[in-house]
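Written out below as C-alpha coordinates is the structure these notes cover.
The values are calculated or read from the model by the stated rules, or taken from the named source; none is laboratory data. Given the structure is predicted, the values throughout are model-derived calculations rather than measurements. For neighbour counting, all protein chains shown are included, and Cβ atoms are generated from backbone atoms with ideal geometry for every residue, glycine included. Surface areas here come from the heavy atoms of the whole protein model, side chains and all, with no ligands, DNA or RNA. Shrake-Rupley method; radii C 1.70, N 1.55, O 1.52, S 1.80 Å.
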Amino acid sequence: MTLTPSPTYNQTYIWLISLTAALGGFLFGYDWVVIGGAKPFYEPYFGITSVEDQGWGTSSALVGCMVGAGLCIWISDRLGRKRLLIFSGFLFSLSALGTALAETFWAFNLYRIVGGVAMGIALNLSPLYISELAPSDKRGRLVTINQLLIMFGVLLAQLVNWQISLLDTQLSDQAGFDEIAQSWNGQAGWRWMFGAELIPAALFFVLMFFVPESTRWLVKNNQLDEAKKILTKIGGSQYAESSIQETRSTLSEGDLGQVNLKELFQKNILKLLAIGVFLAFLQQWSGINVVIYYAADIFQAAGYNLKQMMLNIVVVGGVMVLSVFVTLATVDRFGRKRILLVCLAAMTFLYAGIGYSFFAEVGGSLVVVLILANVMFYSISLAPLLWVLLSEIFPNKVRGAAISVGALAHWVGNFTLTYFFPAIKENLGWANNFWLYGAICAFGFLVIWVVLPETKGKSLEELEKELGG
(Lines give C-alpha, C1' and ligand atoms only; values in the text may rest on other atoms or scores of the structure.)
Protein backbone atom coordinates (compact mmCIF):
# COMPACT_ATOMS: atom_id res chain seq x y z
CA MET A 1 0.00 0.00 0.00
CA THR A 2 1.34 3.42 -0.96
CA LEU A 3 1.16 6.02 1.75
CA THR A 4 0.17 9.53 0.73
CA PRO A 5 2.94 11.90 1.80
CA SER A 6 2.01 14.71 4.14
CA PRO A 7 1.79 18.04 2.34
CA THR A 8 4.46 20.68 2.84
CA TYR A 9 2.60 23.82 3.76
CA ASN A 10 3.50 27.35 2.75
CA GLN A 11 3.60 28.53 6.36
CA THR A 12 4.36 32.15 5.52
CA TYR A 13 1.36 32.43 3.21
CA ILE A 14 -0.99 30.71 5.70
CA TRP A 15 0.11 32.97 8.55
CA LEU A 16 -0.12 36.17 6.51
CA ILE A 17 -3.67 35.30 5.47
CA SER A 18 -4.66 34.36 9.01
CA LEU A 19 -3.10 37.44 10.62
CA THR A 20 -4.75 39.75 8.11
CA ALA A 21 -8.17 38.25 8.77
CA ALA A 22 -7.47 38.28 12.51
CA LEU A 23 -7.09 42.06 12.36
CA GLY A 24 -10.88 41.98 12.34
CA GLY A 25 -10.64 40.30 15.72
CA PHE A 26 -8.15 42.92 16.88
CA LEU A 27 -10.59 45.71 15.99
CA PHE A 28 -13.41 43.87 17.69
CA GLY A 29 -11.29 43.63 20.86
CA TYR A 30 -10.49 47.33 20.80
CA ASP A 31 -14.07 48.38 20.13
CA TRP A 32 -15.34 45.85 22.67
CA VAL A 33 -13.56 47.34 25.69
CA VAL A 34 -12.68 50.94 24.82
CA ILE A 35 -16.10 51.85 26.21
CA GLY A 36 -15.10 50.63 29.69
CA GLY A 37 -12.19 53.04 30.07
CA ALA A 38 -14.01 55.94 28.41
CA LYS A 39 -17.15 55.45 30.51
CA PRO A 40 -16.01 57.52 33.54
CA PHE A 41 -15.43 60.50 31.20
CA TYR A 42 -18.12 60.47 28.48
CA GLU A 43 -20.92 59.96 31.01
CA PRO A 44 -20.21 63.29 32.78
CA TYR A 45 -19.80 65.00 29.38
CA PHE A 46 -23.27 63.90 28.28
CA GLY A 47 -24.73 64.27 31.78
CA ILE A 48 -25.68 60.59 32.04
CA THR A 49 -26.96 59.71 35.52
CA SER A 50 -29.83 57.19 35.10
CA VAL A 51 -29.17 53.44 35.04
CA GLU A 52 -31.14 53.23 31.78
CA ASP A 53 -28.86 55.70 29.99
CA GLN A 54 -25.77 54.12 31.54
CA GLY A 55 -26.85 50.72 30.25
CA TRP A 56 -27.69 52.12 26.80
CA GLY A 57 -24.39 53.96 26.41
CA THR A 58 -22.46 50.82 27.28
CA SER A 59 -24.56 48.42 25.24
CA SER A 60 -25.74 50.40 22.17
CA ALA A 61 -22.92 48.97 20.05
CA LEU A 62 -24.28 45.52 20.81
CA VAL A 63 -27.46 46.35 18.89
CA GLY A 64 -25.25 46.88 15.86
CA CYS A 65 -23.48 43.61 16.63
CA MET A 66 -26.79 41.77 16.44
CA VAL A 67 -27.53 43.49 13.11
CA GLY A 68 -24.09 42.51 11.78
CA ALA A 69 -24.46 38.91 12.85
CA GLY A 70 -27.99 38.75 11.44
CA LEU A 71 -26.76 40.21 8.16
CA CYS A 72 -24.22 37.42 7.88
CA ILE A 73 -26.96 34.79 8.18
CA TRP A 74 -28.47 36.01 4.93
CA ILE A 75 -25.51 37.08 2.82
CA SER A 76 -22.21 35.56 4.00
CA ASP A 77 -22.85 32.40 1.97
CA ARG A 78 -24.01 34.48 -0.99
CA LEU A 79 -21.34 37.19 -1.14
CA GLY A 80 -18.45 35.32 0.49
CA ARG A 81 -16.30 36.08 3.51
CA LYS A 82 -13.81 38.52 1.97
CA ARG A 83 -16.21 41.20 0.73
CA LEU A 84 -18.05 41.39 4.05
CA LEU A 85 -14.77 41.66 5.98
CA ILE A 86 -13.73 44.56 3.72
CA PHE A 87 -17.08 46.20 4.45
CA SER A 88 -16.54 45.74 8.19
CA GLY A 89 -13.17 47.52 7.90
CA PHE A 90 -14.93 50.51 6.36
CA LEU A 91 -17.56 50.53 9.13
CA PHE A 92 -14.90 50.31 11.86
CA SER A 93 -13.20 53.37 10.36
CA LEU A 94 -16.45 55.34 10.11
CA SER A 95 -17.43 54.46 13.67
CA ALA A 96 -14.07 55.46 15.16
CA LEU A 97 -14.20 58.88 13.51
CA GLY A 98 -17.90 59.48 14.16
CA THR A 99 -17.82 58.49 17.84
CA ALA A 100 -14.77 60.67 18.46
CA LEU A 101 -16.52 63.71 16.97
CA ALA A 102 -20.00 63.12 18.47
CA GLU A 103 -21.53 66.16 20.16
CA THR A 104 -24.76 64.55 21.36
CA PHE A 105 -25.53 61.30 23.18
CA TRP A 106 -27.77 60.36 20.24
CA ALA A 107 -24.93 60.73 17.71
CA PHE A 108 -22.52 58.94 20.06
CA ASN A 109 -24.80 55.90 20.17
CA LEU A 110 -25.50 56.02 16.42
CA TYR A 111 -21.81 55.67 15.60
CA ARG A 112 -21.37 53.06 18.32
CA ILE A 113 -24.11 51.06 16.58
CA VAL A 114 -22.28 51.45 13.24
CA GLY A 115 -19.15 50.08 14.90
CA GLY A 116 -21.26 47.31 16.37
CA VAL A 117 -22.33 46.18 12.89
CA ALA A 118 -18.63 45.93 12.02
CA MET A 119 -17.97 44.00 15.23
CA GLY A 120 -20.79 41.58 14.47
CA ILE A 121 -19.41 40.88 10.99
CA ALA A 122 -15.76 40.62 12.04
CA LEU A 123 -16.29 38.40 15.07
CA ASN A 124 -18.45 36.14 12.94
CA LEU A 125 -16.41 35.91 9.75
CA SER A 126 -12.77 36.31 10.81
CA PRO A 127 -12.59 32.92 12.60
CA LEU A 128 -14.81 31.31 9.96
CA TYR A 129 -12.57 32.57 7.16
CA ILE A 130 -9.43 31.30 8.92
CA SER A 131 -10.96 27.89 9.67
CA GLU A 132 -11.98 27.41 6.03
CA LEU A 133 -8.45 28.07 4.78
CA ALA A 134 -6.48 26.35 7.55
CA PRO A 135 -5.17 22.75 7.29
CA SER A 136 -7.04 20.54 9.79
CA ASP A 137 -4.02 19.84 12.01
CA LYS A 138 -3.37 23.59 12.40
CA ARG A 139 -6.94 24.86 12.53
CA GLY A 140 -7.34 25.15 16.28
CA ARG A 141 -4.12 27.13 16.65
CA LEU A 142 -4.80 29.40 13.67
CA VAL A 143 -8.38 30.20 14.71
CA THR A 144 -7.08 30.90 18.21
CA ILE A 145 -4.75 33.49 16.65
CA ASN A 146 -7.92 35.47 16.00
CA GLN A 147 -8.65 35.36 19.74
CA LEU A 148 -5.07 36.38 20.51
CA LEU A 149 -5.48 39.48 18.38
CA ILE A 150 -8.82 40.17 20.05
CA MET A 151 -6.99 40.21 23.36
CA PHE A 152 -4.24 42.41 21.94
CA GLY A 153 -7.01 44.77 20.86
CA VAL A 154 -8.42 44.63 24.38
CA LEU A 155 -5.03 45.38 25.90
CA LEU A 156 -4.26 48.20 23.47
CA ALA A 157 -7.62 49.84 24.19
CA GLN A 158 -6.96 49.66 27.91
CA LEU A 159 -3.42 51.01 27.52
CA VAL A 160 -4.64 53.83 25.28
CA ASN A 161 -7.42 54.68 27.73
CA TRP A 162 -5.00 54.67 30.66
CA GLN A 163 -2.31 56.76 28.96
CA ILE A 164 -4.80 59.31 27.63
CA SER A 165 -6.39 59.63 31.07
CA LEU A 166 -2.94 60.40 32.53
CA LEU A 167 -2.50 63.37 30.15
CA ASP A 168 -5.01 65.31 32.25
CA THR A 169 -2.67 66.27 35.09
CA GLN A 170 -5.17 68.76 36.52
CA LEU A 171 -7.79 66.11 37.33
CA SER A 172 -7.63 64.94 40.94
CA ASP A 173 -7.75 61.26 41.92
CA GLN A 174 -10.98 61.83 43.85
CA ALA A 175 -12.69 63.95 41.17
CA GLY A 176 -16.47 63.98 41.21
CA PHE A 177 -19.00 63.96 38.37
CA ASP A 178 -19.08 67.72 37.77
CA GLU A 179 -15.30 68.14 38.00
CA ILE A 180 -14.76 65.34 35.46
CA ALA A 181 -17.33 66.91 33.11
CA GLN A 182 -15.34 70.17 33.01
CA SER A 183 -11.90 68.53 32.78
CA TRP A 184 -9.84 67.86 29.66
CA ASN A 185 -10.61 64.13 29.96
CA GLY A 186 -14.31 64.90 30.23
CA GLN A 187 -14.28 67.24 27.23
CA ALA A 188 -11.70 65.72 24.87
CA GLY A 189 -9.76 62.80 26.36
CA TRP A 190 -12.48 60.20 25.83
CA ARG A 191 -12.75 61.29 22.17
CA TRP A 192 -9.13 60.32 21.53
CA MET A 193 -9.80 56.94 23.14
CA PHE A 194 -12.34 56.15 20.44
CA GLY A 195 -10.56 57.99 17.60
CA ALA A 196 -7.31 56.03 18.00
CA GLU A 197 -9.06 53.02 16.47
CA LEU A 198 -9.12 54.72 13.06
CA ILE A 199 -5.49 53.75 12.31
CA PRO A 200 -5.82 49.93 12.63
CA ALA A 201 -9.32 50.07 11.10
CA ALA A 202 -8.03 51.73 7.92
CA LEU A 203 -5.14 49.24 7.78
CA PHE A 204 -7.54 46.27 8.01
CA PHE A 205 -9.75 47.77 5.31
CA VAL A 206 -6.81 48.07 2.88
CA LEU A 207 -5.12 44.73 3.63
CA MET A 208 -8.29 42.68 3.15
CA PHE A 209 -8.23 43.56 -0.55
CA PHE A 210 -5.01 41.54 -0.89
CA VAL A 211 -6.05 38.19 0.66
CA PRO A 212 -7.89 35.39 -1.21
CA GLU A 213 -11.49 34.33 -0.75
CA SER A 214 -12.25 31.29 1.43
CA THR A 215 -11.44 28.17 -0.61
CA ARG A 216 -14.39 26.21 0.79
CA TRP A 217 -16.71 29.05 -0.18
CA LEU A 218 -15.19 29.04 -3.68
CA VAL A 219 -15.72 25.28 -4.01
CA LYS A 220 -19.27 25.59 -2.74
CA ASN A 221 -19.90 28.26 -5.37
CA ASN A 222 -18.32 26.18 -8.14
CA GLN A 223 -15.28 28.43 -8.59
CA LEU A 224 -12.95 25.44 -8.66
CA ASP A 225 -10.08 26.93 -10.65
CA GLU A 226 -9.68 29.82 -8.21
CA ALA A 227 -9.93 27.46 -5.23
CA LYS A 228 -7.32 25.13 -6.73
CA LYS A 229 -4.90 28.00 -7.31
CA ILE A 230 -5.14 29.13 -3.68
CA LEU A 231 -4.95 25.60 -2.22
CA THR A 232 -1.93 24.81 -4.39
CA LYS A 233 -0.20 27.86 -2.99
CA ILE A 234 -1.06 26.66 0.54
CA GLY A 235 0.00 23.00 0.27
CA GLY A 236 0.83 21.95 -3.29
CA SER A 237 -1.17 20.43 -6.14
CA GLN A 238 -1.93 17.09 -4.45
CA TYR A 239 -3.19 18.88 -1.34
CA ALA A 240 -5.35 21.09 -3.55
CA GLU A 241 -6.93 18.15 -5.37
CA SER A 242 -7.66 16.18 -2.19
CA SER A 243 -9.06 19.25 -0.39
CA ILE A 244 -11.43 20.06 -3.27
CA GLN A 245 -12.59 16.44 -3.51
CA GLU A 246 -13.18 16.25 0.25
CA THR A 247 -15.19 19.47 0.26
CA ARG A 248 -17.25 18.44 -2.78
CA SER A 249 -18.01 15.07 -1.14
CA THR A 250 -20.07 16.89 1.52
CA LEU A 251 -22.07 18.86 -1.04
CA SER A 252 -24.77 17.67 -3.38
CA GLU A 253 -25.13 19.14 -6.85
CA GLY A 254 -28.00 21.26 -5.58
CA ASP A 255 -25.79 22.80 -2.91
CA LEU A 256 -23.27 24.18 -5.39
CA GLY A 257 -23.58 27.89 -6.02
CA GLN A 258 -26.61 28.48 -3.81
CA VAL A 259 -27.72 28.75 -0.20
CA ASN A 260 -30.88 27.16 1.14
CA LEU A 261 -31.63 28.50 4.60
CA LYS A 262 -34.31 25.82 5.04
CA GLU A 263 -31.39 23.44 5.63
CA LEU A 264 -30.92 25.10 9.02
CA PHE A 265 -34.19 23.56 10.19
CA GLN A 266 -33.21 19.97 9.52
CA LYS A 267 -33.20 17.91 12.71
CA ASN A 268 -29.48 17.07 12.66
CA ILE A 269 -28.49 20.70 12.01
CA LEU A 270 -30.89 22.04 14.64
CA LYS A 271 -29.09 19.82 17.17
CA LEU A 272 -25.75 21.40 16.25
CA LEU A 273 -27.31 24.88 16.29
CA ALA A 274 -28.61 24.22 19.81
CA ILE A 275 -25.07 23.39 20.95
CA GLY A 276 -23.69 26.51 19.27
CA VAL A 277 -26.38 28.80 20.70
CA PHE A 278 -25.89 27.36 24.19
CA LEU A 279 -22.13 27.94 24.03
CA ALA A 280 -22.70 31.50 22.80
CA PHE A 281 -25.03 32.36 25.68
CA LEU A 282 -22.75 30.61 28.17
CA GLN A 283 -19.77 32.67 27.00
CA GLN A 284 -21.72 35.86 27.69
CA TRP A 285 -23.76 34.95 30.75
CA SER A 286 -20.68 33.62 32.48
CA GLY A 287 -20.33 37.28 33.44
CA ILE A 288 -16.98 38.25 32.02
CA ASN A 289 -18.34 41.23 30.11
CA VAL A 290 -19.49 42.74 33.38
CA VAL A 291 -15.82 42.67 34.40
CA ILE A 292 -14.83 44.23 31.04
CA TYR A 293 -17.54 46.87 30.59
CA TYR A 294 -18.01 47.73 34.27
CA ALA A 295 -14.46 47.23 35.52
CA ALA A 296 -14.37 50.85 36.65
CA ASP A 297 -17.44 50.35 38.84
CA ILE A 298 -16.17 47.03 40.24
CA PHE A 299 -12.77 48.38 41.24
CA GLN A 300 -14.33 51.55 42.61
CA ALA A 301 -16.64 49.42 44.75
CA ALA A 302 -13.55 47.50 45.91
CA GLY A 303 -12.03 50.76 47.20
CA TYR A 304 -9.77 52.02 44.39
CA ASN A 305 -9.49 55.64 43.24
CA LEU A 306 -9.68 56.82 39.61
CA LYS A 307 -6.01 56.36 38.66
CA GLN A 308 -5.68 53.00 40.45
CA MET A 309 -8.87 51.87 38.76
CA MET A 310 -7.55 52.71 35.27
CA LEU A 311 -4.30 50.83 35.97
CA ASN A 312 -6.20 47.76 37.23
CA ILE A 313 -8.17 47.72 33.98
CA VAL A 314 -4.87 47.59 32.03
CA VAL A 315 -3.71 44.66 34.16
CA VAL A 316 -6.94 42.81 33.29
CA GLY A 317 -6.11 43.27 29.59
CA GLY A 318 -2.56 42.00 30.11
CA VAL A 319 -3.84 38.83 31.76
CA MET A 320 -6.26 38.26 28.86
CA VAL A 321 -3.44 38.46 26.31
CA LEU A 322 -1.07 36.15 28.20
CA SER A 323 -3.83 33.60 28.77
CA VAL A 324 -4.43 33.10 25.06
CA PHE A 325 -0.85 31.83 24.69
CA VAL A 326 -1.87 28.95 26.97
CA THR A 327 -4.72 28.17 24.58
CA LEU A 328 -2.38 28.31 21.59
CA ALA A 329 -0.11 25.76 23.27
CA THR A 330 -2.88 23.39 24.36
CA VAL A 331 -5.91 23.60 22.05
CA ASP A 332 -4.64 21.11 19.45
CA ARG A 333 -3.00 18.93 22.10
CA PHE A 334 -5.62 18.48 24.82
CA GLY A 335 -8.71 19.33 22.79
CA ARG A 336 -11.54 21.81 23.19
CA LYS A 337 -13.82 19.94 25.60
CA ARG A 338 -11.25 19.17 28.30
CA ILE A 339 -10.03 22.78 28.43
CA LEU A 340 -13.60 24.08 28.74
CA LEU A 341 -14.43 21.70 31.60
CA VAL A 342 -11.34 22.52 33.65
CA CYS A 343 -11.74 26.27 33.24
CA LEU A 344 -15.49 26.35 33.90
CA ALA A 345 -14.94 24.45 37.14
CA ALA A 346 -12.29 26.99 38.17
CA MET A 347 -14.54 29.94 37.27
CA THR A 348 -17.37 28.50 39.37
CA PHE A 349 -15.21 28.52 42.50
CA LEU A 350 -13.63 31.89 41.71
CA TYR A 351 -17.03 33.57 41.35
CA ALA A 352 -17.97 32.09 44.70
CA GLY A 353 -14.87 33.72 46.18
CA ILE A 354 -15.49 37.09 44.51
CA GLY A 355 -19.08 37.10 45.74
CA TYR A 356 -17.95 36.29 49.27
CA SER A 357 -15.37 39.09 49.15
CA PHE A 358 -18.12 41.64 48.47
CA PHE A 359 -20.50 39.95 50.93
CA ALA A 360 -17.90 40.12 53.72
CA GLU A 361 -16.76 43.58 52.56
CA VAL A 362 -13.20 42.38 52.02
CA GLY A 363 -12.09 44.75 49.25
CA GLY A 364 -8.74 45.76 47.84
CA SER A 365 -6.17 43.34 46.50
CA LEU A 366 -8.14 40.13 47.18
CA VAL A 367 -10.89 41.19 44.77
CA VAL A 368 -8.30 42.11 42.13
CA VAL A 369 -6.50 38.75 42.43
CA LEU A 370 -9.73 36.74 42.21
CA ILE A 371 -10.98 38.75 39.22
CA LEU A 372 -7.64 38.39 37.41
CA ALA A 373 -7.68 34.61 37.99
CA ASN A 374 -11.25 34.44 36.69
CA VAL A 375 -10.32 36.48 33.61
CA MET A 376 -7.39 34.13 33.01
CA PHE A 377 -9.53 30.97 32.97
CA TYR A 378 -12.16 32.65 30.80
CA SER A 379 -9.52 33.84 28.31
CA ILE A 380 -8.05 30.34 28.06
CA SER A 381 -11.39 28.66 27.43
CA LEU A 382 -14.73 30.29 26.65
CA ALA A 383 -13.29 33.35 24.91
CA PRO A 384 -11.38 31.56 22.11
CA LEU A 385 -13.01 28.13 22.04
CA LEU A 386 -16.53 29.33 21.30
CA TRP A 387 -15.28 30.57 17.92
CA VAL A 388 -13.10 27.53 17.30
CA LEU A 389 -16.09 25.24 17.90
CA LEU A 390 -18.58 27.35 15.93
CA SER A 391 -16.21 27.27 12.97
CA GLU A 392 -15.92 23.47 13.20
CA ILE A 393 -19.24 21.82 14.02
CA PHE A 394 -21.46 23.00 11.15
CA PRO A 395 -21.65 21.36 7.69
CA ASN A 396 -20.18 23.03 4.61
CA LYS A 397 -23.50 23.71 2.92
CA VAL A 398 -24.79 25.99 5.72
CA ARG A 399 -21.64 26.89 7.66
CA GLY A 400 -21.77 30.63 6.98
CA ALA A 401 -25.43 30.95 7.95
CA ALA A 402 -25.14 28.58 10.93
CA ILE A 403 -22.13 30.29 12.48
CA SER A 404 -24.00 33.57 12.01
CA VAL A 405 -26.88 32.20 14.09
CA GLY A 406 -24.38 31.34 16.83
CA ALA A 407 -22.85 34.79 16.55
CA LEU A 408 -26.29 36.40 16.76
CA ALA A 409 -26.99 34.42 19.94
CA HIS A 410 -23.63 35.63 21.28
CA TRP A 411 -24.65 39.26 20.75
CA VAL A 412 -28.14 38.79 22.18
CA GLY A 413 -26.52 37.32 25.29
CA ASN A 414 -23.99 40.14 25.40
CA PHE A 415 -26.64 42.84 25.05
CA THR A 416 -29.00 41.40 27.66
CA LEU A 417 -26.17 40.96 30.15
CA THR A 418 -24.71 44.44 29.58
CA TYR A 419 -27.90 46.47 29.28
CA PHE A 420 -29.62 45.00 32.32
CA PHE A 421 -26.55 44.72 34.55
CA PRO A 422 -26.88 48.16 36.21
CA ALA A 423 -30.47 47.39 37.22
CA ILE A 424 -29.64 43.81 38.27
CA LYS A 425 -26.72 45.04 40.38
CA GLU A 426 -28.95 47.61 42.06
CA ASN A 427 -31.44 44.89 43.03
CA LEU A 428 -29.14 41.95 43.79
CA GLY A 429 -25.99 43.68 45.01
CA TRP A 430 -22.44 42.79 44.04
CA ALA A 431 -22.21 39.53 46.01
CA ASN A 432 -25.39 37.92 44.69
CA ASN A 433 -24.54 39.09 41.17
CA PHE A 434 -21.22 37.22 41.16
CA TRP A 435 -22.75 34.15 42.81
CA LEU A 436 -25.29 34.07 39.97
CA TYR A 437 -22.47 33.94 37.42
CA GLY A 438 -20.87 31.11 39.37
CA ALA A 439 -24.11 29.12 39.19
CA ILE A 440 -24.28 29.70 35.41
CA CYS A 441 -20.70 28.41 35.00
CA ALA A 442 -21.56 25.30 37.03
CA PHE A 443 -24.59 24.63 34.82
CA GLY A 444 -22.44 25.13 31.71
CA PHE A 445 -19.93 22.58 33.03
CA LEU A 446 -22.66 19.93 33.31
CA VAL A 447 -24.11 20.58 29.85
CA ILE A 448 -20.70 20.53 28.13
CA TRP A 449 -19.79 17.33 29.97
CA VAL A 450 -22.88 15.62 28.53
CA VAL A 451 -23.38 16.99 25.01
CA LEU A 452 -20.25 18.58 23.54
CA PRO A 453 -18.28 16.47 21.03
CA GLU A 454 -14.49 16.68 20.74
CA THR A 455 -13.32 18.16 17.44
CA LYS A 456 -9.53 18.39 17.58
CA GLY A 457 -7.38 17.03 14.77
CA LYS A 458 -10.22 16.29 12.33
CA SER A 459 -10.96 17.92 9.00
CA LEU A 460 -14.17 19.91 8.70
CA GLU A 461 -15.50 17.26 6.34
CA GLU A 462 -14.68 14.41 8.78
CA LEU A 463 -16.49 16.30 11.54
CA GLU A 464 -19.47 16.85 9.26
CA LYS A 465 -19.81 13.09 8.68
CA GLU A 466 -19.30 12.21 12.35
CA LEU A 467 -21.75 14.80 13.66
CA GLY A 468 -24.42 13.93 11.11
CA GLY A 469 -24.35 17.28 9.32
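Table for the structure above
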quantity	calculated
Stokes-Einstein D (µm²/s) once Rh is taken as the Kirkwood radius of the range 119-249 over alpha-carbon pairs, at 20 °C in 1.002 mPa s	118
Helix-derived mean residue ellipticity, 222 nm - over the chain, DSSP H n ≥ 4, -39500 (n - 2.57), to 500	-26500 deg cm²/dmol
Cα-based reach from LYS82 at 28 Å (exclusive), listing lysines while leaving out same-chain residues under 8 positions away	LYS138, LYS220, LYS228, LYS229, LYS233, LYS262, LYS397, LYS456, LYS458, LYS465
Dipole axis of the chain (+1 Lys, Arg; -1 Asp, Glu on Cβ), positive-most option in LEU224, LEU27, GLN170	LEU224
On Cα atoms only, tilt of 237-249 relative to the major axis of the chain in degrees	80
Cα-based helix-to-principal-axis angle, 224-235 vs the chain, degrees rounded to 10	70
C-alpha long axis of helix 399-451 to longest principal axis of the chain, angle in °	20
Carbon and sulfur %, accessible surface of the range 1-115 computed with the full protein complex present, 1.4 Å	68
Most to least packed among 278-286, 333-341 [average Cβ atoms within 10 Å]	278-286, 333-341
Equivalent ellipsoid dimensions for the range 401-446 as semi-axes, Å, which come from the Cα gyration tensor, largest first	24, 16, 4
Measure of compaction for the range 79-181 (Cα Rg per 2.2 N^0.38 Å)	1.42
Value in Å of the Kirkwood radius, where the range 1-151 supplies the Cα pairs that are averaged	16.7
Solvent exposure of the chain as accessible area per residue, Å², 1.4 Å probe	38
Additional length obtainable on full extension of the chain from ALA360 to LEU203, 0.36 nm per residue less Cα span	51.7 nm
For peptides 132-141, 166-175, sequence by mean Cβ density within 10 Å, most packed first	132-141, 166-175
Inter-site label distance for TRP184 and LYS138 at 7 Å from Cα along Cβ, in nm	4.7
Rounded if a/c under 1.5, otherwise prolate or oblate - the range 1-83, Cα gyration tensor axes	prolate
Dipole moment magnitude, nearest 20 debye, the chain about Cα centre, only Lys, Arg, Asp, Glu C-beta charged	1220
Under Karplus coefficients 6.51, -1.76 and 1.60, residue-wise ³J(HN,Hα) of the range 146-160 in Hz, glycine/proline x	4, 5, 4, 6, 4, 5, 5, x, 4, 5, 4, 4, 5, 5, 4
Carbon/sulfur fraction of accessible area - the range 347-449, other protein chains in place, 1.4 Å, %	75
Sites LEU101 and LEU159 - FRET efficiency at Förster radius 30 Å, r taken between beta-carbons, to 0.05	0.85
Within straight-line cross-link reach of LYS39, lysines at Cα separation under 20 Å, skipping those fewer than 8 residues along the same chain	LYS307, LYS425
Stretch gain in nm, segment LYS233-THR12, where the contour uses 0.36 nm per residue and the Cα spacing is subtracted	78.5 nm
Radius of gyration and maximum dimension Dmax of the range 357-448, Cα, Å	16.5, 54
Gained length - LEU311 relative to ASP173, 0.36 nm times residue gap less alpha-carbon distance	48.4 nm
Ordering of 69-79, 212-222 by packing [mean C-beta count within 10 Å, highest first]	212-222, 69-79
